[in-house]
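Have a look at the structure below, then the notes.
What follows draws every value from the coordinates through simple rules; no lab data is involved. Quick caveat, the model's predicted, so the values are computed rather than measured.
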Amino acid sequence: MTITLSQEFYLEHCFCCGVAFAMPVALNQVLRDTHRYFYCPNGHSQFYPGKSEAEQLKAVLAQQQAEFKRIADQREAEFRRLAEEKARIEKRIGAGVCICCNRSFQDLRRHIKTKHATFGKALPAAAHAKKLLTQ
């Protein structure tokens, strides 16, 4: 009876004595993933200290998630700041206080139209912020 087996091996060299030895590819991958110790034929213990591909990908994913959270938090803080600013301006206008010159007027609409005619037209930053928040 003849049995023929085919298995793929990974060739390794001992870092201490330099002897070459082979191990199954699957075992080599497990040792790289788990960082467990293994031994050369002469008994020298060794392990793979470097991060496995899975560990590297997890680190990249964690970094990207942290960056995403930072950007989302920053965007939320800016949204809150703009909402607070809008509420403050609406309160001042409701009280009849001009937001341009901080004076109080009975007819604020007429005052804004005559004394601050460009107000509301020259606010590209506010328009840009509103556009960003609606995206």
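Quick check: the angle from helix 25-34's long axis to the longest principal axis of the chain, C-alpha only, nearest 10 degrees?
50
For the chain, set up a Gaussian network in which alpha carbons nearer than 10 Å are linked by springs, and say which option among Ala66, Ala83, Ala20 fluctuates the most.
Result for the chain, Cα springs under 10 Å: Ala20 fluctuates most.
Ignoring everything except DSSP H segments at least 4 long, calculate the 222 nm mean residue ellipticity for the chain; use -39,500 (n - 2.57) per segment, divide by total residues, nearest 500. Let's see the in-between values first.
Details: 4 runs with 70 residues, N = 135.
Result for the chain: -17500 deg cm²/dmol, rounded to the nearest 500.
Distance from the Cα centre of segment 72-116 to that of segment 1-39, in angstrom?
Between the Cα centre of segment 72-116 and that of segment 1-39, the gap is 72 Å.
Read through the labelled values [x] 8.5; [y] 17.4; [z] 9.2 and report the label of the one computed as mean projected area of the Cα convex hull in nm² from the structure.
[y]
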